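The values are calculated or read from the model by the stated rules, or taken from the named source; none is laboratory data. Source: prediction; values computed, not measured. FYI the Cβ positions are ideal-geometry reconstructions off the backbone, even for glycines, and counts take in every protein chain you see. For accessibility, only protein heavy atoms count, side chains too; no ligands or nucleic acids. Shrake-Rupley method; radii C 1.70, N 1.55, O 1.52, S 1.80 Å.
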Amino acid sequence: MTETAWDTYAQQKPQRRPVNAAGETTWFNWTQYPDHGPGAEILGVSRGSAVLELGCGKGGNLAHVATLGARAVGVDLSLAQLRAAEARWSDTAELELHQADALDFLAHCTDTFDAVFSVFGAVWFIDPARLLPAIRERLRPGGMLAFSQRPPAEGCYGCQASYITRSEDEDPLVVKRWDYEPPRWTRILRQHGFTGATAHVLPAPVGPRKIGTLLVRATMGPATL
Ligand SMILES: C[S@@+](CC[C@H](N)C(=O)[O-])C[C@H]1O[C@@H](n2cnc3c(N)ncnc32)[C@H](O)[C@@H]1O
């Protein structure tokens, strides 16, 4: 059911623009707004790093990571999203794409990553109590976990319903997502053995839209749990 929902979403979501405002053909965007916010420097990626994206969608951020010389591995539930990623980026960047639930992928994967990231991706749509231990298993000590998503609506915390709209004659599809305020995220990450956790809401750019972007980062601490 969830797979169908994300395939439906894939049909509604356009491909990334050919170039950004700076004229670049690949770029990293943590936010829901074009040409806004920090870039891939957040991940500390260098040539030869192994980087995993959970819920890579159409692959725009992952393709940029690949052009920095990293091994770029993407996981997504939706075949439609992954096909769009292949169609768009196969001439630009070498991406290793897997169709899987992020939890299943992490459970069966034997590789270790220098960074794991998710942009409005699977980290938002899986209970962190299940996902963070699985990410820990695959991050090298000192490796970086970073993710972004919409901040919670005031008073709406924990598991929430997200609606993917369809035609006027069809009910929307529902997926679960997990929303917490920044201090709660840093606590959750500490509880799961991550260190140096930071979480803050990046303000929206000047304009009519006011909702910012929650950006969360932490490094993989020593295996003390
Ligand atoms: C809102 S889209 C964001 C896609 C992409 N990161 C971007 O910035 O455009 C969420 C993506 O996460 C994927 N996703 C959701 N739950 C997932 C899960 N449990 N495992 C893997 N991928 C998942 C969806 O298929 C979808 O492509």
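Overview of values
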quantity	calculated
The chain: translational diffusion in µm²/s, Stokes-Einstein, Kirkwood Rh over Cα pairs, 4 °C, 1.567 mPa s	73 µm²/s
Accessible area per residue in Å² at 1.4 Å probe, computed on the chain	49 Å²
Partner lysines for Lys176 [C-alpha distance under 22 Å; skip if fewer than 8 residues away on the same chain]	Lys13, Lys58
Test item: Cα-centred dipole of region 1-70, Lys/Arg +1 and Asp/Glu -1 on Cβ, debye	120 debye
Counting DSSP beta bridges with both ends in region 62-202, the antiparallel % (nearest 5)	40 percent
³J(HN,Hα) computed for each position of region 102-114 - Karplus, 6.51 cos²θ - 1.76 cosθ + 1.60, integer Hz, glycine/proline x	4, 5, 5, 4, 5, 5, 9, 6, 10, 7, 10, 10, 7
15 Å tail of the calculated P(r), region 43-131, as % of Cα pairs	54 percent
Cα gyration tensor, region 89-172 - rounded (a/c under 1.5), prolate or oblate	oblate
Check: the chain dipole with +1 on Lys, Arg Cβ and -1 on Asp, Glu Cβ, in debye	680 debye
MRE, 222 nm, helices only [DSSP H, n ≥ 4, -39500 (n - 2.57), over the chain, to nearest 500]	-7500 deg cm²/dmol
Centroid-to-centroid separation of region 136-205 and region 80-118 [C-alpha atoms, Å]	20 Å
Accessible-area composition of region 58-135, carbon plus sulfur, in percent [1.4 Å probe]	47 percent
Segments 40-52, 119-131 sorted - mean Cβ within 10 Å per residue, highest first	119-131, 40-52
